[in-house]
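Every number in this text was worked out from the coordinates using simple rules, so none of it is lab data. In this text, all values refer to a predicted model and were calculated from it rather than measured experimentally. Because the Cβ atoms are built from the backbone with ideal geometry, glycine has one as well, and the counts that use them run over all protein chains shown.
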Amino acid sequence: MADYNSTYTGAQIDAAIAKVGGIEAGADVTDTANVTAAGALMDSEVTNLAAVKAFDPTDYATAAQGALADSAIQASDTASDTAVGVVELATAAETTTGTDTGRAVTPDGLAGSVFGTQVVQLMVFDDSQDVATGDGAGDLFFRVPSTMNGMNLVAVAACVQTAGTTGTTDIQIHNVTDTADMLSTVITIDSGETDSATAATAAVIDGTADDVATGDVLRIDVDAVSTTAPKGLLVELQFRLP
């Protein structure tokens with residue numbers, strides 16, 4: 001039991017007086033100014049007290065989702081042509097297929113797809129002319145325009161109007177500016193055939209020499225011709241951004 005008859009020192013009395021002196025006159029812990037100073041809110045300051053007391057953080061969206069839970073886009077919300085939502089980005093291959101209605105096309109995917117392909121067809125010899133060997137055959141050259149800057153050669157083909165016989169007709173694509181052949185295996189048109197699509201050996205593009213830049217000059221080299229020469233030669237080049 002406390003001893004109420006204890007004698008207090010002067011220092012203890014001074015300390016007690018100091019504590020009492022620091023108490024606000026007519027102090028009221030529910031005073032708005034005191035509550036605000038403590039970083040709290042008065043019930044009267046809250047317009048929806050019940051909602052505040054029932055607050056559950058999981059009812060609200062994260063900063064990444066949006067401002068409000070009931071309007072934020074959720075992972076399960078699928079976008080469509082009539083509704084805002086989550087959508088997967090299409091790859092270049094999916095863009096090329098062209099039948100997917102559930103994915104969004106990106107500029108990179110479009111540029112890397114067949115829809116971003118630039119096709120160039122060059123008539124090297126007309127239909128009345130025999131195909132002949134030579135670098136820059138038919139005196140035909142192609143200048144790469146600025147719209148194709150940075151593209152890669154991705155496909156090649158050739159056809160003749162009248163088939164040659166005995167042996168193949170072989171075609172190389174040469175970048176004059178870079179002094180480099182662009183094919184590691186040339187385009188071939190077989191004996192009795194009119195198109196390289198049916199060739200026994202498919203052309204192969206050299207991955208180290210496939211890129212082109214604005215102003216590059218390309219030429220068509222005919223490295224070999226069938227014993228009975230074909231007539232007319234058209235070469236097709238396809239370019240696409242990497």
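Summary of values
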| quantity | calculated |
| --- | --- |
| Rounded to whole Å, sorted largest first: equivalent-ellipsoid semi-axes of the range 157-242, Cα gyration tensor | 25, 12, 11 |
| Potential extension, residue 129-residue 155 segment - 0.36 nm per residue separation minus Cα distance | 6.8 nm |
| Efficiency of FRET between residue 9 and residue 56 - r from beta-carbon atoms, R0 45 angstrom, step 0.05 | 0.25 |
| Burial order of peptide ranges 115-121, 187-193, 83-89 (average beta-carbon count within 10 Å, highest first) | 187-193, 115-121, 83-89 |
